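Please read the structure below before turning to the comments.
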Amino acid sequence: MKKIPMLDLRLEYEYMKEDIDSAIRTCLEHQKWILGPEVKELEDKIAEYLNVKHCIGICSGTDALVLSLRALAIKIKGEEYWDRDDLIITTPFTFTATGDAILRAGATPLFVDIDPNTYNIDPARIKEYLTQNSQLRTHNSTHVVGVVPVHLYGLSCPMDKIMAIARKYNLFVLEDVAQAFGGIYKGRKLGSIGTAGAFSFFPAKNLGGFGDGGMVSTDDDELAELIRMLLKHGGKDKYNVEYIGYNARLDTLQAAIVLAKFKYIDEFNERRRKVAEIYSKELAGIDGLVLPIISAFHVYHQYTIRVLRNKRDELKERLQRKGISSAIYYPLPLHKMKVFHEKCKLVSHLIEAEKAVREVLSLPVEPLLTEKEITHVCEIIKEIMTNDKAQILNKVQMTKLKW
Ligand SMILES: *Cc1c(COP(=O)(O)O)cnc(C)c1O
């Protein structure tokens, strides 16, 4: 059997080759590389798809988060940046960029633990913090200004609970939708529920370009206008600016490629669901594995299993020896990283996030994998996990003997 990678972007290119080549050719002909017509076309198409008023193309998902947070500081606080006493609640179990964007916008990330079943931020933990600390407000100079929920692996956070908390405590909600393009929560597209949503077109994301790219979605006119200013150096006129800005425009060429691939996004998310369905059927009942939630609204940016009894790294290594790739998203929770050490706040011991980093393993989820290839991956996993059981028994007996 041939090697099975996590993703095979060449296969996807072949599948969409005509559309992509023609999109690139059009750019070569018009030569409008900065904010060319494809950027606006993509913004309009995605705004319509998400059912939001504004979409703004940005040069990366990370910058989409940073610019949104900066614009929120300007709008809500009337200042360029948040400051260290402004807390923004998020999950420690995410890509670095989520927490890093909070630091770059001047605020302090407040990490609360995840729900072990979904790997997403646990609204009960958010509520717990806010209930306990709202009484302390007078003695406490720090206060919570917003929440950044991350729809990890393509699964929506419980948005109605998060929005209810946000309304009660007057918080903004910035959805990190980098892994969940096309995902849905109770009939609404992710990125259309919070104050704003930040998307990534990094090549390996569900909707990816051929380089970096991103987008912000929002219904808020003022935020949209501020973000449009920030991405072009901080002013409506780049020769006379008002804010500390960035050069964070989405490339015309990336917009053209993403636009060509956008045509396939629903089909490809459906293919990912199909891959997930086969995994879940084939891997059901294997002792020592916990499978992810199955949902028609999940877009399976990753199909992530939990491997119990400290067997994760060994399973990964043995799969690799059989030519099957797998990946650990993420090996460290954010609060354990040096960059966040003295710059973050923890509600309590983040037990579930610390457990998840030791147990999760993401399997190949390439939408163009064949059923046979997925079944092959499952058979190898079954083989390893069943042999393991015999080996564990052996080890137990050996240790007993030694004692
Ligand atoms: C990929 C990702 C980002 C950052 O997006 P880039 O386009 O790579 O800058 C942010 N948050 C999460 C959860 C991501 O997975």
Students often get this wrong: which residues of the stretch 353-382 have the backbone nitrogen under 20 Å from the point 7 angstrom along Cα-to-C-beta of SER280?
360-379, 381-382
Charge dipole (debye, nearest 20) of the stretch 16-122; +1 at Cβ of Lys and Arg, -1 at Cβ of Asp and Glu:
260 debye
So, relative contact order of the stretch 251-389 in percent, Cα under 8 Å, 6 or more apart, is 33 percent
Rounded to whole angstrom, the alpha-carbon centroid of the stretch 131-200 lies from that of the stretch 320-349 at a distance of 21 Å
Where does the chain land at 222 nm, in deg cm²/dmol rounded to the nearest 500, when only DSSP H runs of n ≥ 4 count, each adding -39500 (n - 2.57), divided by all residues?
-14000 deg cm²/dmol
Under a point spin-label approximation (7 Å from Cα along Cα-to-Cβ), what is the LYS372-SER22 distance to one decimal in nm?
3.2 nm
Taking every DSSP bridge whose two residues both lie in the chain, the antiparallel percent to the nearest 5 is 55 percent
Mind jotting down the distance between the C-alpha centroids of the stretch 5-27 and the stretch 34-49, whole Å?
19 Å
Percent of accessible area on the chain owned by carbon and sulfur, 1.4 Å probe?
53 percent
Here FRET efficiency (C-beta to C-beta, ASN117 to ASP237, R₀ 41 Å, nearest 0.05) is 0.20
Taking only protein heavy atoms and a 1.4 Å probe, what accessible area per residue, in Å², does the stretch 266-354 have with all protein chains in place?
51 Å²
Over the stretch 1-149, with the other protein chains present, what is the accessible area per residue in square angstrom, probe 1.4 angstrom?
45 Å²
What is the P(r) of the chain, as percent of Cα-Cα pairs per 10 Å bin from 0?
5, 22, 30, 24, 13, 5, 1, 0
Cβ-Cβ FRET estimate between ILE34 and ASP287, R0 fixed at 41 Å, reported to 0.05:
0.15
Separation between Cα centres of the stretch 237-281 and the stretch 288-307, rounded to whole Å:
22 Å
Could you tell me the extents of the stretch 89-243's C-alpha atoms along the three principal axes, largest first, rounded to whole Å?
47, 36, 28
Need one value: the accessible area of ASP220 in square angstrom, 1.4 angstrom probe, rounded to the nearest 10.
30 Å²
In the stretch 139-232, what % of DSSP beta bridges are antiparallel (nearest 5)?
55 percent
At 1.4 Å probe size, put ARG309, ARG249, ARG125 in order of accessible surface, largest to smallest.
ARG309, ARG125, ARG249
For the pair ARG167 and HIS143, what calculated FRET efficiency results from E = 1/(1 + (r/R0)^6), where r is the Cβ-Cβ distance and R0 = 25 Å, to the nearest 0.05?
0.90
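The values are calculated or read from the model by the stated rules, or taken from the named source; none is laboratory data. Bear in mind that the values here come from a model prediction, so they are computed numbers and not experimental data. All Cβ positions, glycine included, derive from the backbone under ideal geometry; neighbour counts span all protein chains shown. We work out accessible area using only protein heavy atoms, side chains counted, and drop any ligands, DNA or RNA first. Shrake-Rupley method; radii C 1.70, N 1.55, O 1.52, S 1.80 Å.
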